[in-house]
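All remarks here apply to the structure that follows.
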């Protein structure tokens, strides 16, 4: 099967782009609005099992992340917010799905579809209000398996001022904002935690075989005893893991920074880093 980038190239070449419009190939499409403004548009999906696990994310966090990942595309164009559209494909038996997935995870308090959706919309609404993206519409439908979330966002900027990837030039300095790898590390921890939970559950369900006449082996004086410092270290590790997982589920889009850089005149190109610096740099057009 073709790679994602190869497929996008094929689609782009098959449809082309209307004159005066920036289509496939940047963080957002750019559409002339009038003599003074242009509209920027981006669409992104989050799919259960690939981008999140229902058992390991609260509905509030998922609502926040669904919006944030799209708002970042607007920031990468140096544009200001206009609004968003939200589409949800929900499993027909969502109550049952939540009951199975949320018994021990962050979503445990929301084991029915209505309360889960209320909390999801609260998270989506909080970040939308914080960054000025009103929800303008959307769609809901049923899915045979798994939850799928699709968000479309709109922004605007003065005509001709959007910061495109094609603005890069040889010799440009490459800069990033924030800490690289936090979200990827958080996602890795999410899947590791889910794998450990699955292994533990499997172990608990297996039949216990008693060992008879097993001699007890005493601890020798050289046995390692957990110290207070190691306990503190484990606590600190736990806090750090929580921080990384939160960075994955509740990222902060750089809307203000994007607008500031766009107006500065000092930046030739910008883009949202979603697949890592090495992969995304190859998408910069010189």
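The values are calculated or read from the model by the stated rules, or taken from the named source; none is laboratory data. Just so we're clear, the structure is a prediction, and the values are computed from it rather than from any experiment. Here the Cβ is made from the backbone with ideal geometry for all residues, glycine too, and neighbour counts use every protein chain on show.
Out of 42, 50, which single residue is in a loop (DSSP other than H, G, I, E, B) and modelled with pLDDT of 80 or more?
Working: 42 fails: in a loop (DSSP other than H, G, I, E, B).
After applying the criteria, what remains is 50.
Is there a residue being under 26 Å from residue 40 (Cβ atoms) and under 21 Å from the mean Cα position of the chain (by Cα) anywhere in the range 92-115?
Step one: list which residues in the range 92-115 are under 26 Å from residue 40 (Cβ atoms), which gives none.
No, the range 92-115 contains no residue that is under 26 Å from residue 40 (Cβ atoms) and under 21 Å from the mean Cα position of the chain (by Cα).
Just one of 252, 242 is modelled with pLDDT of 80 or more and either surrounded by fewer than 11 Cβ atoms within 10 Å (Cβ to Cβ) or not in a helix (DSSP H, G or I) (or both); which is it? Even if it seems obvious, please write down each step before you answer.
Working: 242 fails: either surrounded by fewer than 11 Cβ atoms within 10 Å (Cβ to Cβ) or not in a helix (DSSP H, G or I) (or both).
Every option except 252 fails the conditions.
Please state which one of 66, 13 is assigned to a helix (DSSP H, G or I) and modelled with pLDDT under 90. Break it down stepwise before answering.
Details: 66 fails: modelled with pLDDT under 90.
So the residue among 66, 13 that is assigned to a helix (DSSP H, G or I) and modelled with pLDDT under 90 is 13.
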For residue 223, state whether it is exposed (fewer than 10 other Cβ atoms within 10 Å of the Cβ), modelled with pLDDT of 55 or more and not in a helix (DSSP H, G or I). no
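The rows are residues; the columns are (1) closer than 30 Å to residue 75 by Cα; (2) in a helix (DSSP H, G or I); (3) under 19 Å from the mean Cα position of the chain (by Cα); (4) at pLDDT 80 or above.
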residue: 203; (1), (2), (3), (4): no, yes, no, no
residue: 208; (1), (2), (3), (4): no, no, no, no
residue: 263; (1), (2), (3), (4): yes, yes, no, yes
residue: 285; (1), (2), (3), (4): yes, no, no, no
For the range 119-164, which positions are buried (at least 16 other Cβ atoms within 10 Å of the Cβ) and in a loop (DSSP other than H, G, I, E, B)? 133, 147, 162, 163, 164
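So, residue 69, is that one over 21 Å from residue 114 (Cβ atoms) and out of contact with any helix residue (DSSP H, G or I) (no Cβ under 7 Å at 6 or more places or on another chain) or not? Steps first, please.
Values: over 21 Å from residue 114 (Cβ atoms): yes; out of contact with any helix residue (DSSP H, G or I) (no Cβ under 7 Å at 6 or more places or on another chain): yes.
The answer is yes for residue 69.
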Looking at 171, 186, which is the one that is over 18 Å from residue 250 (Cβ atoms), modelled with pLDDT of 75 or more and either loosely packed, with under 14 Cβ neighbours inside 10 Å or within 29 Å of the chain's Cα centre (by Cα) (or both)? 171
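If you scan the range 70-92, which residues turn out to be farther than 15 Å from residue 48 by Cα and without any contact (Cβ under 8 Å) to a residue 60 or more places away in the chain?
Pass one, the range 70-92, residues farther than 15 Å from residue 48 by Cα: 70-86.
Selection gives nothing.
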